1. Any idea which residue in the stretch 127-143 is nearest to ligand 1 (Cβ to nearest atom), counting only those that are assigned to a helix (DSSP H, G or I) and surrounded by fewer than 24 Cβ atoms within 10 Å (Cβ to Cβ)?
2. Across the stretch 14-50, what is the total count of residues that are more than 16 Å from ligand 2 (Cβ to nearest atom), aliphatic (A, V, I, L, M) and within 16 Å of Val155 (Cα to Cα)?
3. Return the residues of the stretch 102-126 that are more than 9 Å from the chain's Cα centre (by Cα), within 15 Å of ligand 1 (Cβ to nearest atom) and over 11 Å from Ala4 (Cβ atoms); say none if nothing qualifies.
4. Among the residues of the stretch 54-67, is there at least one that is farther than 22 Å from Ile136 by Cβ and in a strand (DSSP E or B)?
5. Looking at the stretch 1-13, which of the residues that are at pLDDT 95 or above and over 11 Å from the mean Cα position of the chain (by Cα) is farthest from ligand 2 (Cβ to nearest atom)?
6. One residue is enough: does the stretch 70-83 have a residue meeting the conditions among the hydrophobic types (A, V, I, L, M, F, W, C), within 14 Å of ligand 2 (Cβ to nearest atom) and at pLDDT 95 or above?
7. Within the stretch 22-39, identify whether any single residue is in a loop (DSSP other than H, G, I, E, B), aromatic (Phe, Trp, Tyr), touching a strand residue (DSSP E or B) at 6+ places or on another chain (Cβ under 6 Å) and in contact (Cβ under 8 Å) with a residue 60 or more places away in the chain, and answer yes or no.
8. I need the full set of residues from the stretch 163-191 which are surrounded by 13 or more Cβ atoms within 10 Å (Cβ to Cβ), outside any loop (DSSP other than H, G, I, E, B) and either at pLDDT below 95 or touching a strand residue (DSSP E or B) at 6+ places or on another chain (Cβ under 8 Å) (or both), in order please.
Amino acid sequence: MAKALLIIDFQNDFTAGGALEVPDGDRIAAPVKRLADSFDLVFATRDWHPPDHASFQADGGPWPVHCVRDTHGAEFHPAMDDLRLDAVVDVGRGRDDQGYSGFEKSNLAQLLRERDVDEVYVCGLATDYCVRASAIDASQEGFEVTVIEDAIRGVEVDEGDSERALRDMREAGARIATSDEVLASAGPSRARGV
Ligand code: VGL
Ligand code: ZN
């Protein structure tokens, strides 16, 4: 059985200068890189919306226009440039798809199972939305889930949302760990010595 790193929505619109900037979102870059270098399998999701997505304020939703498919804002953050990704999964593609979970209307669970993954390590943005939903769904799909607390950041529409999200993920069965803890136990690196 195998371990996979799952990087959630590390995209321009969720980082500095983006349309839905997550405070300190850029600061996950260093731990995400270190983690990606030590995992044999790395999967990533993108928030990938049509221009009239139902979550946009103009359409009655809670969010500013963000991560519109094929725009700069929807592209991965530059820190992702030299990561080797085994697959990229786009969510929130339908006008009415909520798109918070990487498992919603996607083949992510199937892709993971095809690679014999049983343990999923979750990092990315945002703690209180897509990381939360993806970690909970991963757990419900039967994967053993670890959320990497220094490689996530929250939007915090309301103060305490990230803390509540961590509690929800824990209640769903996820373990919360630091990247140092994960790296200490992740096994030999495919990148080390290269
Ligand atoms: C997200 C709000 C709206 C996320 C996506 O990636 O957490 N948050 N769309
Ligand atoms: Zn979105």
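The values are calculated or read from the model by the stated rules, or taken from the named source; none is laboratory data. Please read these numbers as outputs of a predicted model, since none were measured by experiment. For neighbour counting, all protein chains shown are included, and Cβ atoms are generated from backbone atoms with ideal geometry for every residue, glycine included.
1. Result: Ala133.
2. Residues that pass the stated criteria total 2.
3. Passing the criteria: Phe103, Glu104, Lys105, Ser106.
4. Yes, the stretch 54-67 has at least one match.
5. Going through the qualifying residues, I end up with Ala2.
6. yes
7. Within the stretch 22-39 (the criterion being in a loop (DSSP other than H, G, I, E, B), aromatic (Phe, Trp, Tyr), touching a strand residue (DSSP E or B) at 6+ places or on another chain (Cβ under 6 Å) and in contact (Cβ under 8 Å) with a residue 60 or more places away in the chain), the answer is yes, since at least one residue qualifies.
8. Leu166, Met169, Arg170, Arg175, Ile176, Ala177, Ser179, Val182
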